[in-house]
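I have placed the structure first, in the form of C-alpha cells, so that the comments after it can refer back to it.
What follows draws every value from the coordinates through simple rules; no lab data is involved. Only a predicted model underlies this, so the values are computations on that prediction, with no experimental measurement involved. Positions of Cβ are backbone-derived with ideal geometry, glycine not excepted, and every protein chain shown enters the neighbour counts.
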Amino acid sequence: MKKNFTLFIKLTLLIAVVFAFSQRVSSQLYINEFMASNDAALPGPDGGFPDWIEIYNAGDAPVMLGGYFMADDLNDPTAMYEILSTFPDSVTVAAGGFILFYANKKEDISVLNLNFKLSGGGEQIGLWAPDQSIIDTLT
C-alpha cells in the first residue's frame with residue numbers, strides 16, 4: 001500500500017511539473033501581427049502575396065508549434081487547423097523570436113501555410129495549445 005501511495009505522489013508531482021511548464025511556455029506566445037488582403041506588402045515563399053499571421057515567443061526557450069492550432073473562427077472547434085510537426089525546425093519559434101504563418105489555404109505546400117484566409121473586412125484569429133486551451137486571440 002505504501003508503494004502505491006509513493007507512486008501516486010510521484011506521478012502527481014510529475015503531472016504538476018509538466019502542466020506548469022506547458023502553461024508557462026504557452027502563456028508566452030502571442031499573436032503579434034497579422035495582415036489581411038496583402039496585395040504587395042510582403043511576398044510569400046511561393047511568390048504571391050498571402051495573408052499572414054506572426055507569432056511572437058516572449059519566453060526564454062524555443063517553442064515547437066507542431067500540434068498547436070490556429071483558426072479564423074473562435075467559436076467553431078472544427079475550424080481549428082493543427083500546425084503540422086512534419087518539419088519541426090520549420091515551425092519552431094526561437095526564444096524572443098517571431099515566426100510567420102501564411103493564411104492562404106495552401107496547407108499542402110508548406111508547414112507554414114494554413115487552411116484558411118483572412119478577411120479584409122474584419123477577422124478573428126486564435127492560437128490554441130495542443131490540449132486546445134486558448135493561448136491568444138485577436139478580433
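When ranked by the protection proxy of mean other Cβ atoms within 10 Å per residue, highest first, what sequence do the peptides 126-136, 98-108 form?
Result, highest mean first: 98-108, 126-136.
Could you pull the Rg and Dmax for region 81-122, using just the Cα atoms, both in Å?
11.5, 34
Given R₀ = 22 Å, FRET efficiency for Phe87-Asp131 by Cβ-Cβ distance, to 0.05?
0.45
Taking the highest mean first, how do the peptides 74-80, 64-70 order by number of other beta carbon atoms within 10 angstrom per residue?
Answer by packing, highest mean first, reads 64-70, 74-80.
To the nearest 0.05, how large is the calculated FRET efficiency for Leu74 and Leu42 if R₀ is 25 Å and r is the Cβ-Cβ distance?
Efficiency computed from Cβ-Cβ geometry: 0.50.
If the chain between Lys105 and Glu33 were fully stretched, how many nm would it gain, using 0.36 nm times the residue separation less the Cα-Cα distance?
Gain on stretching Lys105 to Glu33: 24.0 nm.
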